[in-house]
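The block underneath contains the structure these notes are about, expressed in structure tokens.
The values are calculated or read from the model by the stated rules, or taken from the named source; none is laboratory data. Quick caveat, the model's predicted, so the values are computed rather than measured. In this analysis, Cβ positions are derived from the backbone assuming ideal geometry, glycine residues included, and neighbour counts consider all displayed protein chains. Quick note on the areas: whole protein, heavy atoms, side chains included, nothing else; ligands and nucleic acids left out. Shrake-Rupley method; radii C 1.70, N 1.55, O 1.52, S 1.80 Å.
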Amino acid sequence: MGKIRIGLVGTGFMGRTHSNAFRQAPVFFPGETSVELAAVCARNEDNTAKFAALWGYGGYETDWRRLVERDDIDLIDIATPNHLHAEIALAAAASGKMVSCEKPLGISLQQSRQMADAVAAAGVNSMVWYNYRRIPAVTFAKRMIEDGRLGRIFHYRSKFLQDWTISADLQQGGAGTWRLDEAAAGSGVTGDLLAHCIDTAMWLNGPIAEVCGMTETFIKERIHAATGTRRPVTIDDASAFLARFSNGSLATFEATRYARGHKAQFTFEINGEHGSLTWDLHDLHRLSYFDHGGDGATRGWRTIHVTDGDHPYMEAWWVPGLQIGYEHSFIHQFADFLKGLETGQPLVPDFQAATRTDAVTDAVIASARSGNWQTIDRPD
């Protein structure tokens, strides 16, 4: 393309991570495409102007519709609360612009499908920021699985634990706590944390065929930040489910915001015929590997420190042994996006892939309500 001109919607936590990726990817993963931060959009003009100046955006808007209408933007990047994703994405696609979006794609499966259909009908590229795929150790785990090192997969287990919503004094709604408000978030930890677990799991181990879930809301009422009134809490504070993959393997998944001592513990373990793998975001460079081959007397778990030049993405960074962090997963994802535009390789995960994840979260919530197993309604 020569140049890709970006319009960002949202100046919060995700807006910062995306902006950093836009700036760093062309530097550490240089290609044929340059990046221009054309404009950023948020409602508070003073804060948006400061954000634009800090990150090097050429301008700013306070209405996302004006941003979408501009003819000097090629990609609309959506880093807003969940309930705003669909309207912005649909408008961007209708205007012929590429669209990237934070997860979950929509606040319902129906909305996600509508978004995926819109970008397909418009013939525009799309991407969803499931960034954990791009952590080098996770990408290397996929390579090992594809190389057959684990053989047939029997078990997959994953969890994502946090503790930030335990206080009953925490409000719902508003800029800082919109994730506790169903109208803005769509769901609680199922769509927020488990969505990451599910996307990673299906990327590593293939489609999920059926689920049986349960959810719980521990604090039933909270003050709403917008009105000051006490309202029922309708998002899930904790969610867990059993699953069966299409390849026959069994799985357990768990996410909660009520696990004291855990800020962001995302883990997975995969057990196969020939070996096992485990990974923990708290020690994101280390991939633990058990190989059943070789001498039984010395057989055991080994730790692979994924920092060498022949490990995924690491050649672009420092010398072996030196580490990178969370923000680099976004840099890797955007670098892959740029490479895909140049080479014609599939841009993954796109809106269609994200809709497959939303189909699973939708089934988990339906199962929790009905008490029954749910077969996944595959979007494709």
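Would you compute, from DSSP H runs of 4+ residues alone, the mean residue ellipticity of the chain at 222 nm, taking -39500 (n - 2.57) per run and dividing by the full residue count, rounded to the nearest 500?
Helix-only estimate at 222 nm: -10000 deg cm²/dmol.
Ignoring ligands, DNA and RNA, please state the percent of accessible area on region 202-297 from carbon and sulfur, probe 1.4 Å. List each step's numbers first, then the result.
On the way: 2250 of 4310 Å².
For region 202-297, the apolar C and S fraction of the accessible surface comes to 52 percent.
If R₀ is 25 angstrom, what is the calculated FRET efficiency for the pair residue 234 and residue 377, using the beta carbon separation as r and rounding to 0.05?
Using R0 = 25 Å, I get an efficiency of 0.60.
Karplus couplings for region 162-174 from phi (6.51 cos²θ - 1.76 cosθ + 1.60, θ = phi - 60°), rounded to Hz, Gly and Pro as x?
Rounded to whole hertz, the list is 9, 9, 7, 10, 5, 5, 5, 7, 5, 7, 10, x, x.
Which order, highest average first, do 356-368, 227-239 follow once you tally other Cβ atoms within 10 Å for each residue and take the mean per peptide?
Per-residue Cβ counts within 10 Å, averaged per peptide and sorted highest first, yield 356-368, 227-239.
Considering only protein heavy atoms, what per residue accessible area in square angstrom results for region 58-107 with a 1.4 angstrom probe?
Details: 1740 Å² over 50 residues.
Per-residue value: 35 Å².
So, in nm, how far is label residue 323 from label residue 339 when the simple model puts each one 7 Å beyond its Cα toward the Cβ?
2.4 nm
Determine the gain in length on full extension of the stretch residue 66-residue 303; use 0.36 nm per residue of separation and subtract their C-alpha separation, reporting nm with one decimal.
Values: separation 237, 0.36 × 237 = 85.32 nm, distance 5.09 nm.
Length gained, residue 66 through residue 303: 80.2 nm.
Out of all Cα-Cα pairs in region 124-249, roughly what percent, to the nearest whole number, are more than 26 Å apart?
When every Cα pair of region 124-249 is considered, 37 percent fall beyond 26 Å.
Report, for the chain, the % of DSSP beta bridges that are antiparallel, rounded to 5.
Given both bridge residues lie in the chain, the antiparallel proportion sits at roughly 60 percent.
Figure the gain on full extension for residue 316 and residue 370 (residue separation times 0.36 nm, minus the Cα-Cα span) and round it to one decimal in nm.
Fully extending the segment from residue 316 to residue 370 adds 14.5 nm.
Enumerate the whole-percent occupancy of each 5 Å bin, from 0 to the last occupied one, for all C-alpha pair distances of region 230-380.
Final binned percentages: 2, 7, 10, 13, 16, 18, 16, 10, 6, 2, 1, 0, 0.
Shape verdict for region 62-186, please, from the Cα gyration tensor: rounded (a/c under 1.5), prolate (a/b greater than b/c) or oblate.
Numbers: a/c = 2.35, a/b = 1.22, b/c = 1.92.
Oblate.
Tell me the per residue accessible area of region 1-50 using a 1.4 Å probe; a whole number in Å² is fine. Show your work: numbers first, answer last.
Numbers: 2430 Å² over 50 residues.
So region 1-50 comes to 49 Å² accessible per residue, rounded to a whole number.
Suppose R0 equals 25 Å; then what is the FRET efficiency for residue 282 and residue 114 from their Cβ-Cβ distance, rounded to the nearest 0.05?
Once the sixth-power term is evaluated, E becomes 0.10.
Given Cβ point charges of +1 (Lys, Arg) and -1 (Asp, Glu) and nothing else, what value in debye, to the nearest 20, does the dipole of the chain about its Cα centre take?
With Lys and Arg at +1 and Asp and Glu at -1, about 500 debye.
Label residue 170 and residue 269 with points 7 Å out from Cα along Cα→Cβ: what is the distance between them in nm?
Going from the residue 170 label point to the residue 269 one covers 2.7 nm.
Would you mind telling me the share, in percent, of accessible area of region 43-139 contributed by carbon and sulfur at probe 1.4 angstrom?
46 percent
For residue 242 and residue 290, FRET efficiency with R0 = 25 Å and r from the beta-carbon atoms, rounded to 0.05?
0.60
Starting from the Cα gyration tensor of region 283-331, multiply each eigenvalue by 5, take the square root, and state the resulting semi-axes largest first in whole Å.
Listed largest to smallest, the semi-axes of region 283-331 are 28, 11, 8 Å.
Quick one: accessible area per residue over region 333-374, 1.4 Å probe, rounded to a whole number of Å²?
40 Å²
Anything over 26 Å Cα to Cα? Flag those among 159/220; 97/159; 220/263; 103/159, in the order listed. Don't skip to the end; give the middle numbers.
Working: 159/220 24 Å; 97/159 36 Å; 220/263 22 Å; 103/159 17 Å.
Those over the limit are 97/159.
If packing is taken as the mean number of other Cβ atoms within 10 Å per residue, what is the order of 179-190, 37-48, 330-341, 314-325, highest first? Each step should come with its number before you reach the end.
Numbers: 179-190: 23.7, 37-48: 17.9, 330-341: 22.0, 314-325: 13.5.
Descending mean neighbour count gives 179-190, 330-341, 37-48, 314-325.
Could the peptides 25-36, 101-112 be put in order, highest first, of the mean number of other beta-carbon atoms found within 10 Å of their residues?
Per-residue Cβ counts within 10 Å, averaged per peptide and sorted highest first, yield 101-112, 25-36.
If each residue of separation counts as 0.36 nm, what is the full-extension length gain between residue 95 and residue 44 once their alpha-carbon separation is subtracted?
Full extension of this stretch gives 15.9 nm more.
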